[in-house]
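*Asks:* Okay, here's the structure, questions in a sec.
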Amino acid sequence: MPSDAQSIHPTLPGDLRPLFWDYDFQDLCWDDDRALIIRRVLTSGPWDSVQWLRSRVNDDTLGRWIIDHQGRGLSPQQLRFWQLILDLPTEQVDGWLADRQTDPWHHRQAS
């Protein structure tokens, strides 16, 4: 398993290109665009992309990222999946999902 401090070549694999249709793919760099890359892979990436991500950062780093972002961008199904895989605290995930139920903007986006 890679360490969080592992040096990663700044060029992203071409398989990730479709996830960044709205960016100049060649300009994306792991060091500079890490949060964006993690979000897109976790929310929209196929399993191969997720495996690539998990080969670059360890599960603790992914879990911390999800907690720091309070699961934003992840669907309830994705959030529950990562809760199980990364052993995220049930109370926190339940709270994030409950907050979404009372957030009128969340309901508007889901329509």
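The values are calculated or read from the model by the stated rules, or taken from the named source; none is laboratory data. Just so you know, these numbers come straight off a predicted model, no measurement behind them. In this analysis, Cβ positions are derived from the backbone assuming ideal geometry, glycine residues included, and neighbour counts consider all displayed protein chains.
*Asks:* Please tell me if LEU62 is at pLDDT 95 or above and touching a Leu at 6+ places or on another chain (Cβ under 7 Å).
*Replies:* Values: at pLDDT 95 or above: yes; touching a Leu at 6+ places or on another chain (Cβ under 7 Å): yes.
Yes, satisfied.
*Asks:* Restricting to segment 62-99, give me the number of residues that are closer than 19 Å to ARG40 by Cα and surrounded by fewer than 13 Cβ atoms within 10 Å (Cβ to Cβ). I'd like the intermediate steps shown before the answer.
*Replies:* First, pick out the residues of segment 62-99 that are closer than 19 Å to ARG40 by Cα: 62-83, 85-86.
Among the residues that remain, those that are also surrounded by fewer than 13 Cβ atoms within 10 Å (Cβ to Cβ) are: 68, 72, 75, 77.
Result for segment 62-99: 4.
*Asks:* On to the next question. Residue by residue through segment 8-56, note down the ones that are surrounded by fewer than 17 Cβ atoms within 10 Å (Cβ to Cβ), closer than 18 Å to ARG72 by Cα and aliphatic (A, V, I, L, M).
*Replies:* Answer for segment 8-56, where residues must be surrounded by fewer than 17 Cβ atoms within 10 Å (Cβ to Cβ), closer than 18 Å to ARG72 by Cα and aliphatic (A, V, I, L, M): ALA35, LEU36, VAL50.
*Asks:* Pairs, please: C-beta under 9 Å, at least 6 apart or cross-chain, first residue not assigned by TED's automatic domain parsing to the domain that holds LEU88 and in segment 57-71, second among the polar types (S, T, N, Q) and surrounded by 15 or more Cβ atoms within 10 Å (Cβ to Cβ)?
*Replies:* As it stands, the answer is none, since no pair meets every condition given.
*Asks:* A follow-up question, please. Could you give every pair whose Cβ atoms fall below 7 Å, whose first residue belongs to segment 19-31 and is assigned to a helix (DSSP H, G or I), and whose second residue is among the polar types (S, T, N, Q), counting only separations of at least 6 or pairs across chains?
*Replies:* LEU19/SER44; LEU19/SER49
*Asks:* Would you pick out the residues in segment 10-53 that are within 16 Å of the chain's Cα centre (by Cα) and small (Gly, Ala, Ser)?
*Replies:* Listed by number, the residues that qualify are ALA35, SER44, GLY45, SER49.
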